[in-house]
Amino acid sequence: MSDLIFRPLDADEFDVFHRYATPPTSGVGARTLTFEELGYRSGRVWVALRGDEAVARAAFWGPDDFDHPFSLDWFDPGTGPDGIEAGAALLRAAYAALVTPDYATPIGDRPDYHLFLPADWRERPDARADAEARIAAAEKAGLSVRVERLNLRWAPEYGLPPRSTRLTFAPATDDMVIVEVLSRILVGSLDDDDRRTMAEKGPEAAAREGLADLAGFPGGRDRWRLAYDGAGELVGIVMPTRNSYNATIGYLGVLPEHRGHGYADDLVAEALHIFSAEGAPQVTDNTDVGNEPMAASFARIGYRVTGRRMILV
């Protein structure tokens, strides 16, 4: 370990990052976009060097308009006997340099680690070993597992589910109504982000923050809908939008007094009909592994699990 040098790379040195000799072949850490497409910046790409050899590497990502990175989303520890410790030491050095006294982002007080995983990573020895090495190195560096999520995809060829016959939908245009609905939905939510923000800020502030975040998505808010049952009672909300890459359901929820009737299926189906009318080639979403009712709803509607993402903080 004493012969290792930990340092960031400038953009004209990124070839050193790509000299890492043993990238995983199991699908652990795999991304749909290339390193170049992800747009990593100078100073946010780190390597552990032994001589000229990159024995561990880490890349931190953040939007172009922010001064600090949001997340660690590319990390490969070493593979030798001291590989996990080399990876942990690299992360300790990188975090110490990047999390400066003025560090600030909307999502936390330091970058969280997003570990991208195959859907079946626990069932395959090669994927499990690659995943566990990265988790162990991150934990040695002081991070801990917060949540694991399913990455989901729906495409027209999977079949468009029937539109709800028991709910009617109206555009969600009034911010006061939206905040009230979101505040009520947050109570008893099984979503990890919902639980954390509500515990920290309370339901109304968390609802206002969620509304502001979704309103800032590239897809805008024209697709947002309130859902009503046959008696005219408000049941929930679905907020289809677009992120930088795909159509996505930014948020959906059923009010506590109407849970247990499968209304999430109706909300998801409505969003898919909206996207289908626009000719969207696919819809990508995610949900926490621990949010079993929502995961079951996506499965019933026809979504397929394309992978998993573990977040460590």
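Which is small (Gly, Ala, Ser), over 27 Å from residue 100 (Cβ atoms) and not assigned by TED's automatic domain parsing to the domain that holds residue 216, of 43, 51?
51
Give region 79-128 a look and list any residue that's part of a helix (DSSP H, G or I) and of a type in the set (D, E, K, R), or say none.
Listed by number, the residues that qualify are 85, 92, 126, 128.
So, residue 128, is that one basic (Lys, Arg), closer than 28 Å to residue 286 by Cα and under 22 Å from the mean Cα position of the chain (by Cα) or not?
When the stated conditions are applied, residue 128 passes them.
I'd like the full set of residues that are buried (at least 17 other Cβ atoms within 10 Å of the Cβ), touching a residue at least 40 places away in the same chain (Cβ under 8 Å) and assigned to a helix (DSSP H, G or I), limited to region 249-264.
263
I'd like to check something: does region 47-66 contain any residue that is free of Cβ contacts under 8 Å to residues at least 40 places away in the same chain, surrounded by 11 or more Cβ atoms within 10 Å (Cβ to Cβ), more than 27 Å from residue 306 (Cα to Cα) and within 22 Å of the chain's Cα centre (by Cα)?
yes
Could you give me the residue pairs with C-beta distances under 8 Å whose first residue belongs to region 10-21 and is free of Cβ contacts under 8 Å to residues at least 60 places away in the same chain, whose second residue is among the hydroxyl-bearing types (Ser, Thr, Tyr) and in a loop (DSSP other than H, G, I, E, B) wherever it lies, and which are 6+ apart or on separate chains?
Once the first residue is free of Cβ contacts under 8 Å to residues at least 60 places away in the same chain and sits in region 10-21, its partners that are among the hydroxyl-bearing types (Ser, Thr, Tyr) and in a loop (DSSP other than H, G, I, E, B) give 10/42; 11/42; 14/40.
Could you look through region 283-311, keep only residues that are of a type in the set (A, V, I, L, M) and assigned to a helix (DSSP H, G or I), and pick out the one that is farthest from residue 114 (Cα to Cα)?
If we filter region 283-311 for residues that are of a type in the set (A, V, I, L, M), which is where we start, we get 283, 289, 294-296, 299, 301, 305, 310-311.
If we keep only those that are assigned to a helix (DSSP H, G or I) as well, we get 294-296, 299, 301.
Numbers: 294: 21, 295: 20, 296: 23, 299: 24, 301: 27 Å.
Applying the filter and picking the extreme gives 301.
Is there any pair linking a residue in region 194-205 that is closer than 19 Å to residue 149 by Cα to one that is among the small types (Gly, Ala, Ser), with Cβ under 8 Å and at least six apart or on different chains, and which?
What qualifies is 194/206; 195/189; 197/206; 197/210.
Residue-by-condition table, conditions (1) touching a Gly at 6+ places or on another chain (Cβ under 8 Å); (2) among the hydroxyl-bearing types (Ser, Thr, Tyr):
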residue: 119; (1), (2): yes, no
residue: 126; (1), (2): no, no
residue: 165; (1), (2): no, yes
residue: 170; (1), (2): no, no
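Would you call residue 235 buried (at least 18 other Cβ atoms within 10 Å of the Cβ), in a strand (DSSP E or B) and in contact (Cβ under 8 Å) with a residue 60 or more places away in the chain?
yes
What's the total number of residues in region 210-255 that are among the hydrophobic types (A, V, I, L, M, F, W, C) and farther than 23 Å from residue 301 by Cβ?
Residues that pass the stated criteria total 4.
For region 17-38, state whether one or more residues are under 24 Å from the mean Cα position of the chain (by Cα), aliphatic (A, V, I, L, M), assigned to a loop (DSSP other than H, G, I, E, B) and surrounded by 20 or more Cβ atoms within 10 Å (Cβ to Cβ).
yes
Which of the residues belonging to region 93-104 are under 24 Å from the mean Cα position of the chain (by Cα) and surrounded by 14 or more Cβ atoms within 10 Å (Cβ to Cβ)?
Within region 93-104, 94, 95, 98, 99, 103 qualify.
Which of the following residues is out of contact with any Ser or Thr (no Cβ under 9 Å at 6 or more places or on another chain) and small (Gly, Ala, Ser): 155, 129?
One residue alone meets the criteria, 155.
The values are calculated or read from the model by the stated rules, or taken from the named source; none is laboratory data. Treat the numbers as computed from the prediction; the structure is a model and nothing was measured. Counting neighbours? That spans all protein chains shown, and the Cβs are built from the backbone with ideal geometry, glycine included.
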